[in-house]
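Worksheet for the structure shown next.
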Amino acid sequence: SFKPEGDNVNTKCSPRELAIELCLRRSSCQVQVAAVISDKKGIFSWGWNNNGNGKGLCAEKHAILRSNRSRLKGSVLTVAGRRKKSGNWVEAKPCVKRHCWSLVIKYRFKKVEFTMKTGEWIEIYLS
């Protein structure tokens, strides 16, 4: 039920570029967030925040739900976010409250990178 319209996603660009593109054109929420999952072979999943079943669905969880779970261990999660109205960047670190960070740990991502309010990217390496 969460298939992207047309599914025309450029997986040949960088994960950061795709995360930015997806948050600009896919999310209809007031804070637009998109997540991209990649490994040595390239981008293999992506998702964006949405209203889902009325309770909302975080971009990170959406990307994980769409992914081939056997590729998640050792992969990189890239998350970008911005405010729809102003276009200002937001800190897009996976949340603890909605369990996105626990999914990062569960699936053993090796790195998480996300936008900050300045538009800069922060990288967190996990062991």
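Residues in segment 51-71 that are open to solvent by 40 Å² or more (accessible area, probe 1.4 Å), at pLDDT 80 or above and more than 13 Å from Cys95 (Cβ to Cβ): 7 in all. Tell me, which residue of segment 92-127 that is of a type in the set (Asp, Glu) and touching a strand residue (DSSP E or B) at 6+ places or on another chain (Cβ under 7 Å) is nearest to Lys55 (Cα to Cα)? It comes out as Glu113. Which residue is surrounded by the fewest Cβ atoms within 10 Å (Cβ to Cβ), if the candidates are limited to segment 24-43 and must be among the small types (Gly, Ala, Ser) and not in a loop (DSSP other than H, G, I, E, B)? So, considering only residues that are among the small types (Gly, Ala, Ser) and not in a loop (DSSP other than H, G, I, E, B), the one surrounded by the fewest Cβ atoms within 10 Å (Cβ to Cβ) is Gly42.
If you go through segment 81-89 one residue at a time, do you hit one that is under 11 Å from the mean Cα position of the chain (by Cα) and either in contact (Cβ under 8 Å) with a residue 40 or more places away in the chain or at positive phi (or both)? Scanning segment 81-89 turns up at least one residue that is under 11 Å from the mean Cα position of the chain (by Cα) and either in contact (Cβ under 8 Å) with a residue 40 or more places away in the chain or at positive phi (or both).
The values are calculated or read from the model by the stated rules, or taken from the named source; none is laboratory data. Computed from a predicted model, the values in this text were never measured in an experiment. Every residue, glycine as well, gets a Cβ built from its backbone with ideal geometry; the counts of neighbours run over all protein chains shown. These area figures cover heavy atoms from the full protein model, side chains too; ligands, DNA and RNA do not enter into them. Shrake-Rupley method; radii C 1.70, N 1.55, O 1.52, S 1.80 Å.
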